[in-house]
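Below is one structure; the comments refer to it alone.
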Amino acid sequence: MGLLDSIFGKKREDTGIEEYLDISLEEGDVVSPPPKYYIRRVDLRNEGDADLALKEINANNVIILNVKPLSNQPNRLKSIIAKLKVNITKIDGDIALLTNDYVIIAPSRVKIVKSKKKSEEGGEGTSEASSSPLA
């Protein structure tokens, strides 16, 4: 098989991304101090989850908010997002739509760089933002 391996090459096993990122859930880094801030994911299912997101923002953590659980209740989703926007604005935070299912919320020390869609820049076409909960 050595001759065939040299001609065709050895079969390489698929390597997962974990190997490149060196991620291990079982091992902790005992040398580094604990982080001051976190990026947390919150699934928005009700007003209590919105309160949790605000609590995390007040602790200076960045939130990735999954709004998909409320996507079948657009009025309720818009109401909760509107309340979040008011509270985020009060603390000089920032909020932006990542995808139709995810919103990012940043505390006052972090600003989100937002770019206009091509249809908005040229003034042509319709914007997807009008159907989003952040519109």
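The values are calculated or read from the model by the stated rules, or taken from the named source; none is laboratory data. Since this is a predicted model, take the numbers as computed values, not measurements. Backbone-built Cβ (ideal geometry, glycine too); neighbour counts: all protein chains shown.
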Notebook entry, point to check: V113 fails exactly one of the following numbered conditions: (1) among the β-branched types (V, I, T); (2) free of Cβ contacts under 8 Å to residues at least 24 places away in the same chain; (3) crowded, with 19+ Cβ neighbours inside 10 Å. What is the number of that condition?
Noted result: (3)
Checklist line | Which listed residue, of A50, A82, is surrounded by fewer than 18 Cβ atoms within 10 Å (Cβ to Cβ) and assigned to a helix (DSSP H, G or I) | finding: A82
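Let me confirm something: among N61, N75, which residue is surrounded by fewer than 19 Cβ atoms within 10 Å (Cβ to Cβ) and at pLDDT 95 or above?
Values: N61 fails: surrounded by fewer than 19 Cβ atoms within 10 Å (Cβ to Cβ).
None of the others qualify; the one that does is N75.
Here's the yes/no breakdown for (1) at pLDDT 95 or above; (2) more than 16 Å from L97 (Cβ to Cβ):
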residue: I23; (1), (2): no, yes
residue: K36; (1), (2): no, yes
residue: I39; (1), (2): yes, yes
residue: V42; (1), (2): yes, no
residue: S79; (1), (2): yes, yes
Next item on the list: Give the residues of region 108-130 that are within 28 Å of N75 (Cβ to Cβ) and either at pLDDT 90 or above or in a loop (DSSP other than H, G, I, E, B) (or both), sorted by residue number.
Entry: I112, K114, K116, K117, G125, T126, S127
